[in-house]
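J.: To start, I am sharing the structure in question, which I have written as structure tokens.
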Amino acid sequence: MDIRQCREGDLGVLERHMPSPGRTRRHVMRFETQQRGLSTFLVAWHDGTPVGTAQILWNGCKAPEVRDRFPDCPELNGLGVWPPQRRSQGIGTALVRAAETRARHKGCPRIGLGVDDENHRAASLYLRLGYQETGCHYLDRYHYLDADGLRHEVADPGRFLIKQLAEQPN
Ligand SMILES: CC(C)(COP(=O)(O)OP(=O)(O)OC[C@H]1O[C@@H](n2cnc3c(N)ncnc32)[C@H](O)[C@@H]1OP(=O)(O)O)[C@@H](O)C(=O)NCCC(=O)NCCS
């Protein structure tokens, strides 16, 4: 498996293999954020097929209640492995480690991530990988466009975890 930064030419194949829900162009939005220098959009490839994505938001979590408490803490966001049969094979772990390596190379002493209160499996994976509870609970707000183009606002309750990166060999 190969993990690398998304390129413009990857967007079509990404959308075909890891389709965005409804009319939201998730990969395009993430690529545009990367183009603005605000993120690094990572894609995991297996035999020429994209099987997972993650992005590092260098300015941190967009929720003000997290950002105020943890300024200068980049956020690992949008981790996903697709299709579901690809899960539990180490792809998610490899993406998390690749993001941590990039953050370490940038000199970041820590990296954080948000996990939905209902997503117990993802939370236990992050805790196993060394992320620690911060006690910071917040609403993860985002929107998506359904198949008819209707905009839906979502606010998922979740919590923010942090991993110290300094002096931890990857
Ligand atoms: C959460 C998610 C990204 C994790 O990715 P993943 O590729 O399944 O994660 P990993 O395979 O690295 O680790 C998960 C499990 O596989 C096991 N595992 C890791 N490497 C393995 C390997 N080589 N062989 C067998 N099992 C392995 C781990 O022990 C872990 O066990 P679990 O199933 O009890 O949790 C993925 O499940 C996913 O896309 N979920 C839906 C979206 C989501 O919830 N995203 C997170 C938002 S916070």
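J.: Among the residues of region 134-154, count how many are within 24 Å of PRO19 (Cβ to Cβ) and either of a type in the set (A, V, I, L, M, F, W, C) or within 14 Å of the ligand (Cβ to nearest atom) (or both).
T.: Residues that pass the stated criteria total 6.
J.: Let me ask another. List every residue pair whose Cβ atoms sit under 6 Å apart, with the two residues 6 or more apart in sequence or on different chains, where the first one lies in region 95-117 and is farther than 23 Å from TRP82 by Cβ and modelled with pLDDT of 95 or more and the second, anywhere, is away from the ligand (no atom under 15 Å from the Cβ) and in a strand (DSSP E or B).
T.: Within 6 Å, the pairs are ARG110/GLN164.
J.: Within region 140-159, is even one residue touching a residue at least 40 places away in the same chain (Cβ under 8 Å), over 24 Å from ARG25 (Cβ atoms), under 17 Å from the mean Cα position of the chain (by Cα) and surrounded by fewer than 19 Cβ atoms within 10 Å (Cβ to Cβ)?
T.: Within region 140-159 (the criterion being touching a residue at least 40 places away in the same chain (Cβ under 8 Å), over 24 Å from ARG25 (Cβ atoms), under 17 Å from the mean Cα position of the chain (by Cα) and surrounded by fewer than 19 Cβ atoms within 10 Å (Cβ to Cβ)), the answer is yes, since at least one residue qualifies.
J.: Continuing with the same structure: Within region 84-94, restricting attention to residues that are assigned to a helix (DSSP H, G or I) and within 6 Å of the ligand (Cβ to nearest atom), which residue is surrounded by the fewest Cβ atoms within 10 Å (Cβ to Cβ)?
T.: THR93
J.: Take region 95-133 and flag every residue that is of a type in the set (A, V, I, L, M, F, W, C), more than 7 Å from the ligand (Cβ to nearest atom), in contact with a strand residue (DSSP E or B) (Cβ under 6 Å, 6 or more places away or on another chain) and assigned to a helix (DSSP H, G or I). Walk me through how you get there before you give the answer.
T.: Restricting attention to region 95-133, the residues satisfying the condition of being of a type in the set (A, V, I, L, M, F, W, C) are 95-96, 98-99, 103, 108, 111, 113, 115, 122-123, 125, 127, 129.
Next cut, more than 7 Å from the ligand (Cβ to nearest atom) only: 95-96, 98-99, 103, 108, 111, 123, 127, 129.
Those left that are additionally in contact with a strand residue (DSSP E or B) (Cβ under 6 Å, 6 or more places away or on another chain): 95, 98-99, 103, 111, 123.
Correct list: LEU95, ALA98, ALA99, ALA103, ALA123.
J.: Still on this structure, please answer the following. If I ask for residues that are in a strand (DSSP E or B), touching a Phe, Trp or Tyr at 6+ places or on another chain (Cβ under 7 Å) and free of Cβ contacts under 8 Å to residues at least 40 places away in the same chain, which ones from region 6-54 would you list?
T.: Scanning region 6-54 gives SER39, PHE41.
The values are calculated or read from the model by the stated rules, or taken from the named source; none is laboratory data. Here the structure is a predicted model, which is why all the values come from computation and not from measurement. Don't worry about glycine lacking a Cβ; one is built from the backbone with ideal geometry, like all the others, and counts go over all protein chains shown.
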